[in-house]
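Accompanying notes for the structure given below.
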Amino acid sequence: MSNRFTPRVAVPLTVVSALIGGAVLSGCGQQRDPDVYTVLNSSTDESYHRWDAQTLARCGKRLGVTIEQQSVPASQVMTKALRMASSKSLPDVLQLDASEMPTFADAGGLIPLKDLGLTTKDIPEGIVDFGSYEGTYYGAARTVNTLALFYNKDTLDKAGLKVPTTWDEMRETAKQLTRGKRYGLALSAGGAEDGVFQFTPFMWSNGGDETKLDSPEVAGALDYWKSLLKDGSLSKSTVNWTQADVNDQFMAGNAAMMINGPWQVETLNSKKGLHWGIAEIPVPTAGDDSVGPLGGGVLTVPNTGDDAREKMSAKIIGCMSGEREQITYALNSWMVPANAKAAAEWRRKVPELDALADQVATARSRTAKLGARWSSVSLALQSAFQSALTGESSEAALTRAQKRATSGN
């Protein structure tokens with residue numbers, strides 16, 4: 001399947017506020033069929049579109065309404081929703097990437113889900129935060145994902161090497177596995193959100209923080225990436241690769257290990273003879289928590305001014321994110337159910353992805369601390385990677401990044 005983690009276009013908050021404010025003040029703006037509801041999502045991939053259509057058919061039948069699906073590429077969801085807001089035709093349910101949700105919520109464009117009768121019972125705190133902005137719960141996740149270490153079992157076995165658990169072990173293992181055209185490790189440091197997503201587990205596990213990019217801990221994480229590049233264990237093309245490119249390299253046998261996410265599993269399983277395993281991302285020191293980023297979409301109710309439709313929209317979300325639907329969707333997509341009870345059942349059904357569930361348990365949201373300001377930090381980090389991995393010192397690149405993030409440019 002295609003890469004489910006797609007770089008997105010940052011939209012200035014002032015633009016979002018103006019467009020959404022106008023839509024909310026003037027109400028819904030168009031007559032709608034009372035029995036037909038619309039969900040806007042990014043399920044353009046054929047498999048995902050089909051799975052969502054099946055979910056919506058089941059939920060529609062249960063609720064006595066027709067639910068239609070509109071899908072646009074992930075990078076276009078925000079701009080599409082804003083165009084719909086300006087023409088007073090917002091969808092009834094809007095699936096946003098969790099990193100984009102705060103921008104919409106900050107502009108007053110979303111209804112708090114608890115106001116509409118939805119609860120956070122059996123949802124882990126980190127996943128509640130994932131769908132919240134400034135302490136208010138706006139987005140219900142069906143499933144979540146994070147990053148993990150994927151490895152070629154045959155390659156490691158042949159070399160007599162164990163799966164690394166610490167940074168030192170990963171550096172040494174990657175060095176020993178680098179032979180000919182094969183690199184020991186592949187990861188994405190591309191100048192887009194992919195690279196930032198992949199950097200967060202190294203930054204966070206090292207004690208770094210997005211609120212202070214010029215700290216020694218963040219520089220230490222970037223220096224670790226630089227050391228892998230200096231060893232020749234990473235390709236110089238790392239600075240251009242997306243996560244889809246990383247997966248292509250791993251599948252082609254050009255990388256013995258990779259940092260990636262569960263959205264690649266379907267593609268990995270399609271290659272006969274490829275025996276892969278999955279483990280938590282190595283940490284600086286044995287015993288440290290491996291803290292990765294939570295990824296995925298959240299289901300939200302746009303503020304249309306139509307109370308009755310908003311209440312039904314919440315019921316649609318309640319059905320889509322119910323335990324039964326979560327398990328079905330998670331088994332199809334190889335993601336981890338957001339609900340703790342559903343996740344426990346999922347673990348029993350796919351024990352080979354146990355490490356992924358463990359990684360999710362310690363993962364956190366990218367926007368939990370900064371909310372709508374995350375996009376400025378992300379852009380600043382993207383620029384820092386490009387500079388530091390092509391010769392500049394990590395300290396200089398990150399000092400500039402912190403200034404850029406603070407100024408918001």
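The values are calculated or read from the model by the stated rules, or taken from the named source; none is laboratory data. Source: prediction; values computed, not measured. Cβ coordinates were reconstructed from backbone atoms using ideal geometry, including for glycine residues, and neighbour counts include every protein chain displayed. Just the protein is used for accessible areas: all its heavy atoms, side chains included, with ligands, DNA and RNA removed. Shrake-Rupley method; radii C 1.70, N 1.55, O 1.52, S 1.80 Å.
When the Cα positions of Ala342, His275, Trp374 are compared along the charge dipole of segment 271-409, Trp374 comes out farthest toward the positive end, with charges on each C-beta of Lys, Arg, Asp and Glu. Working note: Cα atoms of segment 193-313, range along each principal axis, descending, whole Å: 61, 44, 30. Here the Karplus curve 6.51 cos²θ - 1.76 cosθ + 1.60, taken at θ = phi - 60°, turns the phi angles of segment 240-255 into couplings of 10, 6, 8, 5, 5, 4, 4, 5, 4, 5, 5, 5, 7, x, 8, 8 Hz, with x standing for Gly and Pro. By definition, a body whose alpha carbon gyration tensor gives a ≥ b ≥ c is prolate when a/c is 1.5 or more and a/b is larger than b/c, and segment 334-409 fits this prolate description.
Expressed as a whole percentage, what fraction of the accessible surface of segment 267-377 belongs to carbon and sulfur atoms when a 1.4 Å probe is rolled over the protein heavy atoms? Carbon-and-sulfur percentage of accessible area, whole number: 48.
Under 5 Å from the amide H of Ala338 lie the amide H atoms of Thr143, Val144, each residue being 5 or more positions distant or on a separate chain, with H modelled from the backbone and absent for Pro and chain starts.
Taking the DSSP bridge list for the chain and keeping only pairs wholly inside it, about 60 percent are antiparallel. One chain, two ends: Ala286 and Ala159. Fully extended at 0.36 nm per residue, the span grows by 43.4 nm beyond their Cα-Cα distance.
Using 1/(1 + (r/R0)^6) with R0 = 51 angstrom and r between the beta carbons of Arg62 and Lys403, what's the FRET efficiency to the nearest 0.05?
The computed FRET efficiency comes out at 0.45.
With the Cα gyration tensor of segment 96-213 giving a ≥ b ≥ c as the square roots of its eigenvalues, does the rule (a/c under 1.5 for rounded; else a/b larger than b/c for prolate; else oblate) give rounded, prolate or oblate? Taking the square roots of the gyration eigenvalues as a ≥ b ≥ c, segment 96-213 is prolate. Centre-to-centre, using Cα atoms only, segment 110-176 and segment 348-409 are separated by 14 Å. Computed with a 1.4 Å probe over protein heavy atoms only, the accessible area of Arg182 comes to about 60 Å².
Listed here are the pairs Lys61/Lys369; Lys61/Lys88; Lys61/Lys341; Lys341/Lys369; which of them are more than 30 Å apart at the Cα? Over 30 Å Cα-Cα: Lys61/Lys369. Bridging of Lys181 to lysines at a Cα separation below 19 Å is possible for Lys153, Lys158, Lys230, Lys236, once same-chain residues fewer than 8 apart are set aside. Per residue, the accessible area of the chain comes to 40 Å², computed with a 1.4 Å probe over protein heavy atoms only. Taking 13 Å as the straight-line reach from the Cα of Lys226, the aspartates and glutamates in range (excluding those fewer than 8 positions away in the same chain) are Glu392, Glu395.
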